[in-house]
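Engineer: Sharing a structure, written as structure tokens. Questions coming.
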Amino acid sequence: MTAGLPPTPPNAPNTPNAPNAPNAPPRARPPAPHGSPWRSRARRVLPYFVVGGAGFVIAYLVVYLFVFPSRLVPNDRPVPNVVGMLQVDAERALRDAGFQPQQGERRVNASVPPETVVSQTPPATTMKPPNTTVIIDIAASP
């Protein structure tokens, strides 16, 4: 010791036992507190994915139920094909299926018998609600 100088502590930077000393061994990195770093990163991002997914589902349901509403149990039914039937049979078939027949044009057509349905609107197999009006065009004799 030198006279007049205070004693240096054992871990002072100029002592050989100091961590920053030139011949000191490198420090070991402390272990991660909760496992690997990718897990902690995933745990930080997970709430954003959950909130984003929930927001997407809520937005989808709002659009599905309110923007483009449809009945949960639709009661639409297919329009029967009455082309080629006689007018009275076609009107009966449409009423039995729950539709309202309405006579449209009378067309002169030499290839089909008179009083036969030559076209219908809406077309056959179209899904329509009950009591929809179906217009049937009838063949007239030449």
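Engineer: Among Leu86, Leu61, Leu72, which is the only one that is aliphatic (A, V, I, L, M) and at pLDDT below 90?
Structural biologist: Within the list Leu86, Leu61, Leu72, the selection yields Leu72.
Engineer: While we're on this one: Consider the range 64-87. How many of its residues are at negative phi and surrounded by 10 or more Cβ atoms within 10 Å (Cβ to Cβ)?
Structural biologist: Total satisfying the criteria: 13.
The values are calculated or read from the model by the stated rules, or taken from the named source; none is laboratory data. Treat the numbers as computed from the prediction; the structure is a model and nothing was measured. Don't worry about glycine lacking a Cβ; one is built from the backbone with ideal geometry, like all the others, and counts go over all protein chains shown.
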